[in-house]
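The values are calculated or read from the model by the stated rules, or taken from the named source; none is laboratory data. What you are looking at is a predicted structure, and each value in this text was computed from that prediction instead of being measured. Methodologically, a virtual Cβ is constructed for each residue, glycine included, from the backbone with ideal geometry; neighbour enumeration extends over all protein chains shown.
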Amino acid sequence: MAKLEKRINLFGLTMIAVGSCIGAGIFVTPGLVAQTMPNQSWIVLVWIFGGIIALTGALTFAELGGLFPKAGGVYVFLKETYGPFFGFLYGWIILLAVNTGALAALAMAFTDYLSFFIPMSESMRIIIPIGLILGLSIINSMGVNVSQWFANVFTVLKLSAMALIILFSLSYFLGEGETQNWLSITDAPNNLFSAFFLALIGVLWSFGGWHHASYLAAETINPKVNVPRAMILGTIIVTLTYVLINMAYMIFLPLQEMADSQKVAGDAVSKYLSFGGKLVAGIVMISIFGTISIYSMSAPRVYFAMAEDGVFFKTLSKLNTKYKTPSNAIYLQGFWAVIIILAGKTFNNIITYATFMDITFMTLAAIGVIVLRLKFKNLERPFKVPMYPLTPIVFIGMSSIFLLNTLVEQPLHAFAGIGLLVLGLPFYYIFKKYNT
């Protein structure tokens, strides 16, 4: 019987963690942050704080990744802590809307940026994202080595491109830029606490994705060590990149101009190069392409693990005999992402609803570190989260605040997300019945 092959090394898994985070958000989100936090120093601080929160999550999940180095990552953490029912619900929402919705949105964003270079008809705006998702699904079914190579190449490319923007900003600052008072925190808004919190929403959104490294534990060399390291290193790299790129944007653009911009990166680089807008469009396309490739590769390992446990379609547990990949799971995810694209705007809200549930399950998984410490005190832990229990409590606390804020500010979205889970309840019992 074919088995998943351990081919992913530490560098490859770290690039997967980094590439999962850095998509299109960092090229747009800084403008939204500047709208709520009109002070350079506070903007830098909110991005640093967001990185610290992401790091508390990565450190927390690192302990779980060392304990359960199996295919599926977060699915396995939830199953081992709370039972297969909770694991199934996580996989259900990931397939139904979270990961497939992200794939659809990213593919359509890629097409929008491609229109900077190629005239687009309405039909082409549908054909190109569908072709992109299906093409990368096929590529990612051709072996984990191929997937790792793609992740390495495109993550290094996007990091190099962002480093180039940072270097452009230094040159601009030395030649033409105005001196910014980076150390001043005296002209912060009166409603500093609420402004900081609002800014943090976009910041944490941009940091999401590092946990995708845990999905690939079964194909990672020495997973008990490399899965925790990859999530931690990936989060640190992303934090440094985000802080530096935001400083670059602020060197190019006055804060009000940055806040008013719909395409911050393009407007910023255009201050330095006449073709800056097109250059950034190309960089964003590279970034999005790499993220789509990683998402096409990583999340299907969740559906594969569910099928192996008998709580999903059994055919998804079958590996491609030649390439040793869960190709059926990869194709199912790609097919459903195409359905979302064809459905168009009617699915946009579903993606928003599902995000609420995604954060819910991430919070439950983090709580699992504390639950497992109490239940299995003597269990061997290759990696122990530092400053326990403070580190997981910070991540759990911040995630809980976001969930409560969604319940208060967007109750329809929250309850619609719960509704998506309810849809999955009968399927869990159907799969359990027919797979036993």
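Against the list (1) charged (D, E, K, R); (2) surrounded by fewer than 21 Cβ atoms within 10 Å (Cβ to Cβ); (3) in contact with a Lys or Arg (Cβ under 7 Å, 6 or more places away or on another chain), the condition E63 fails is (2). Criterion applied to I330, I341 was being in a helix (DSSP H, G or I) and at pLDDT below 95, and the one residue passing it is I341.
Could you identify the single residue in P386, P392, P426, P411 that is more than 30 Å from R229 (Cα to Cα) and at pLDDT 90 or above? Sole residue among the options that is more than 30 Å from R229 (Cα to Cα) and at pLDDT 90 or above: P426. Contact map, the stretch 240-266: first residue charged (D, E, K, R), second residue surrounded by fewer than 24 Cβ atoms within 10 Å (Cβ to Cβ), Cβ cut-off under 9 Å, separation 6 or more or different chains; pairs are E257/D267; D260/G31; D260/Q35; K263/V28; K263/G31; K263/G277; K263/A281. For the condition buried (at least 22 other Cβ atoms within 10 Å of the Cβ), closer than 30 Å to V76 by Cβ and hydroxyl-bearing (S, T, Y), S317 does not qualify. Residues of the stretch 109-117 include none that is over 20 Å from G25 (Cα atoms) and under 20 Å from the mean Cα position of the chain (by Cα).
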